[in-house]
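As structure tokens, the structure follows; a few thoughts come after it.
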Ligand SMILES: Cc1ncc(COP(=O)(O)O)c(C=O)c1O
């Protein structure tokens, strides 16, 4: 049967074989009547910490809250600045604003779409008042930032490193997974992520026992002992049903990542031959786990290509059409178009294509054929 459409992602195919086991696990939670934290969350935390190679893992409500907790645990708040990428999901920024700090930005490396360490160093050198308290590198699309270089810069300027690893679960830099390089690694388990829950969920990892304890307290209204509140935290707990489902999914994650990498390789081979398309960069120091397979469409041809892909039912998405510094929500900071030209150009050119475990080579051929036709139209 000839292919006539390809979805951006397809959960059915990913979960088909394991759905009965997930249902059993979720039913077990419902029968137990224990719905918040509990043994399943603790077991998931141990299992995911081991998989990550982290000392401590904390199950939380979502990735945004993981970032918030990390900043709070490090004492970041009003008067402080937090340096990150203008080319990320806005959650990185909203978590910063919500702890009371001010987001500041540094333009991206146009090949990896991630923070450019040289620019970061320049900004820190000019921060004479030492207002910048933390850097949040975002491992966008599953491609790692240069964490070894960032660690050196952070150490020299005495700022914290908090990894926004929401899109990069399992990405390795010299065998050490993302999230293990900063004081905290923050992960989203939003359903579309490479490890997705059956609703909202997140994980926070750290190697520091004190920070792990602080984070656990902040997750539960700043208390270590029931009804004794030492800090003002909030409710950032993980639901037990999420942990029960995630415990079934986690053993499949390595295979799911491998399938994404194989699909990415297949796209690379075909799309690298097309003029006007730039395939995803592979950093020499890390793996790429392809949460997204994101190309650049050059020569202002993206809008026309999208019209064609829509007409041929090829799933696609722009992550992200407006860089953070130009979002209305933070217009009070006074940023303007032209402030971070490389992020702004990326926002004009990026296009994410269908990628998920179970996508077939015939489907990928269809996507590539439609891109070729769309570029020629
Ligand atoms: C880069 C980045 N940061 C933060 C988040 C926030 O995660 P969540 O949606 O789980 O709150 C996401 C998820 O969408 C993300 O992609």
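Which one of these is part of a loop (DSSP other than H, G, I, E, B) and surrounded by fewer than 16 Cβ atoms within 10 Å (Cβ to Cβ): 336, 362?
On inspection, the qualifying residue turns out to be 336.
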| field | Subset of region 189-228 that is surrounded by fewer than 16 Cβ atoms within 10 Å (Cβ to Cβ) and not in a loop (DSSP other than H, G, I, E, B) - its residue that is nearest to the ligand (Cβ to nearest atom) | value | 213
| task | Inspect region 47-55 for any residue being at pLDDT 95 or above, within 12 Å of the ligand (Cβ to nearest atom) and surrounded by fewer than 23 Cβ atoms within 10 Å (Cβ to Cβ) and give the result as yes or no. | result | no
| task | Could you tell me whether residue 62 is at pLDDT 95 or above, within 14 Å of the ligand (Cβ to nearest atom) and more than 28 Å from residue 231 (Cβ to Cβ)? | result | no
| remark: Selection over region 169-183 where residues are under 18 Å from residue 45 (Cα atoms) and either within 13 Å of the ligand (Cβ to nearest atom) or assigned to a loop (DSSP other than H, G, I, E, B) (or both) yields a count of 6
| note | Among the residues of region 308-329, the number that are outside any helix (DSSP H, G or I) and closer than 17 Å to residue 352 by Cα is 12
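Does residue 54 satisfy the condition of being touching a strand residue (DSSP E or B) at 6+ places or on another chain (Cβ under 9 Å), touching a residue at least 12 places away in the same chain (Cβ under 8 Å) and not in a helix (DSSP H, G or I)?
Details: touching a strand residue (DSSP E or B) at 6+ places or on another chain (Cβ under 9 Å): yes; touching a residue at least 12 places away in the same chain (Cβ under 8 Å): yes; not in a helix (DSSP H, G or I): yes.
Answer is yes for this residue.
Within region 110-139, work out how many residues are more than 16 Å from the ligand (Cβ to nearest atom) and in a loop (DSSP other than H, G, I, E, B).
The qualifying residues number 8.
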| Do you know which of the residues in region 81-100 that are under 14 Å from residue 327 (Cβ atoms), in contact with a helix residue (DSSP H, G or I) (Cβ under 8 Å, 6 or more places away or on another chain) and in a loop (DSSP other than H, G, I, E, B) is nearest to the ligand (Cβ to nearest atom)? | 88
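I need a count of the residues in region 56-90 that are under 21 Å from residue 114 (Cβ atoms) and crowded, with 22+ Cβ neighbours inside 10 Å. First the steps, then the outcome.
The first filter runs over region 56-90 and keeps only residues under 21 Å from residue 114 (Cβ atoms), leaving 63-64, 66-67, 70-71, 81-90.
Right, trim to crowded, with 22+ Cβ neighbours inside 10 Å and you get 63-64, 66-67, 70-71, 82-88.
Of the residues in region 56-90, 13 are under 21 Å from residue 114 (Cβ atoms) and crowded, with 22+ Cβ neighbours inside 10 Å.
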| task | Could you please let me know if residue 70 is within 20 Å of residue 171 (Cβ to Cβ) and in the same structural domain as residue 216 (by TED's automatic domain parsing)? | result | yes
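Could you pull out the residue among 296, 302 that is free of Cβ contacts under 8 Å to residues at least 60 places away in the same chain, over 30 Å from residue 148 (Cα atoms) and surrounded by 16 or more Cβ atoms within 10 Å (Cβ to Cβ)?
Details: 296 fails: over 30 Å from residue 148 (Cα atoms).
Exactly one of 296, 302 is free of Cβ contacts under 8 Å to residues at least 60 places away in the same chain, over 30 Å from residue 148 (Cα atoms) and surrounded by 16 or more Cβ atoms within 10 Å (Cβ to Cβ), namely 302.
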| task | Could you tell me whether any residue of region 147-165 is closer than 18 Å to residue 282 by Cα, assigned by TED's automatic domain parsing to the domain that holds residue 76 and within 15 Å of the ligand (Cβ to nearest atom)? | result | yes
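The values are calculated or read from the model by the stated rules, or taken from the named source; none is laboratory data. Source: prediction; values computed, not measured. Positions of Cβ are generated from backbone atoms using ideal geometry, with glycine treated the same way; all protein chains shown enter the neighbour counts.
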